[in-house]
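Report on one structure; see the data block that follows.
Since every read-out is calculated from the coordinates, none of them should be taken as a lab result. Bear in mind the structure is a predicted one, so any value in this text is a computation, not a measurement. Ideal geometry is used to build each Cβ from the backbone, glycine not excepted, and the neighbour counts take in all protein chains shown.
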Amino acid sequence: MTTQLTSPRAVLFDLDGTLADTAPDLAAAVNLLRTERGLEPTPYAVLRPTASAGARGMIGAAFGLGPADAGYEELRQQWFARYQAAMAVHSSLFDGIVELLSGISGAGMAWGIVTNKPARFTDPLVPQIGLAHAACIVSGDTTGHAKPHPAPLLEGARRLGLAPEQCWYAGDDLRDIEAGRAAGMVTVACAWGYCGAIEPTGWGADYLVASPLALRDLLLAHTVSPAAMVA
């Protein structure tokens with residue numbers, strides 16, 4: 001008979017602020033818009049915490065505009081163009097991510113990416129920063145919804161051929177935890193990421209980890225060996 005598993009069969013990750021430190025290039029693109037207008041760059045320390053929110057976060061921090069404001073959409077499209085032209089200049093994997101992913105694969109688990117980043121950015125960026133071996137990639141426009149809706153996470157599980165409850169989801173933003181919880185996955189808040197304005201201790205995640213290596217150790221502690229999966 002088959003043993004009832006409580007260990008993860010796969011881990012799905014957010015991209016920006018979880019696997020990769022993409023804030024430098026995101027910030028550079030929005031500050032290019034400011035310098036083109038004769039404005040001083042917005043300090044990186046102000047922009048970095050908003051990186052997981054994409055255009056909404058960056059334009060909000062740099063120009064004080066939100067999606068409902070006049071001029072926002074024009075800035076958003078211009079920011080997209082500047083960012084697309086220079087996505088992987090300073091972006092890189094966080095320290096410990098290579099070891100984390102190697103540990104996951106070595107334990108017989110799959111891993112994939114579920115991000116709100118549109119595919120026009122995700123598809124070229126992922127191979128440039130060393131993540132081309134992901135078992136699945138779900139972008140913000142892959143389904144009809146973006147996180148915190150669970151649809152992208154459910155699509156990730158579907159592409160891996162797994163039930164949602166067999167997957168863990170790890171991210172650095174409250175909406176990652178909300179999406180994972182709604183999808184029925186174990187959720188992990190990644191405190192090394194951007195995290196936004198709300199402390200991750202208040203997100204209600206199943207686990208809060210301080211580093212990629214701490215997440216690796218947590219996952220391996222919950223892993224059932226392949227030999228134990230069949231009885």
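Side notes on the structure shown:
- Taking L213, L154, L160 and counting other C-beta atoms within 10 Å, the order from fewest to most: L213, L160, L154
- When each full DSSP H helix of the chain is screened for a Cα extent of at least 30 Å along its own axis and an average Kyte-Doolittle hydropathy of at least 1.0, none passes.
- The residue list A205, M185, L39 was ranked by how far each Cα lies along the charge dipole of the chain toward its positive end, using unit charges on Cβ atoms, and M185 comes out on top.
- Tensor-based shape of the chain (alpha-carbon gyration tensor, a/c under 1.5 rounded, otherwise prolate or oblate): prolate
- Rounded to the nearest whole Hz, the Karplus-based 3J(HN,Hα) values (6.51 cos²θ - 1.76 cosθ + 1.60, θ = phi - 60°) of the range 136-148 follow the sequence 7, 9, 10, 9, x, 10, 5, 10, x, 9, 10, 4, x, with x at glycine and proline.
- Gain in span if fully extended, Y44 to H222, counting 0.36 nm per residue against the direct Cα distance: 60.3 nm
- Spin-label model, E36/A86: points 7 Å from Cα along the beta carbon direction are separated by 1.2 nm.
- Global form of the range 131-231, assessed from the alpha-carbon gyration tensor, a/c cut-off 1.5: oblate
- Highest to lowest packing among 36-44, 15-23, 122-130, scored as the average C-beta count within 10 Å: 15-23, 122-130, 36-44
- Karplus (6.51, -1.76, 1.60) ³J(HN,Hα), θ = phi - 60°, over the range 44-51, in Hz, Gly and Pro reported as x: 4, 4, 7, 7, 3, x, 8, 4
- With a simple spin-label model that places each label point 7 Å from the Cα along the Cα-to-Cβ direction, the separation between D206 and S102 comes to 2.7 nm.
- Rounded to the nearest 20 debye, the dipole magnitude of the chain is 320 debye, with +1 charges on Lys and Arg beta carbons, -1 on Asp and Glu beta carbons, and the Cα centre as origin.
- Reciprocal of mean inverse Cα separation for the range 23-84 (Kirkwood radius, Å): 11.1
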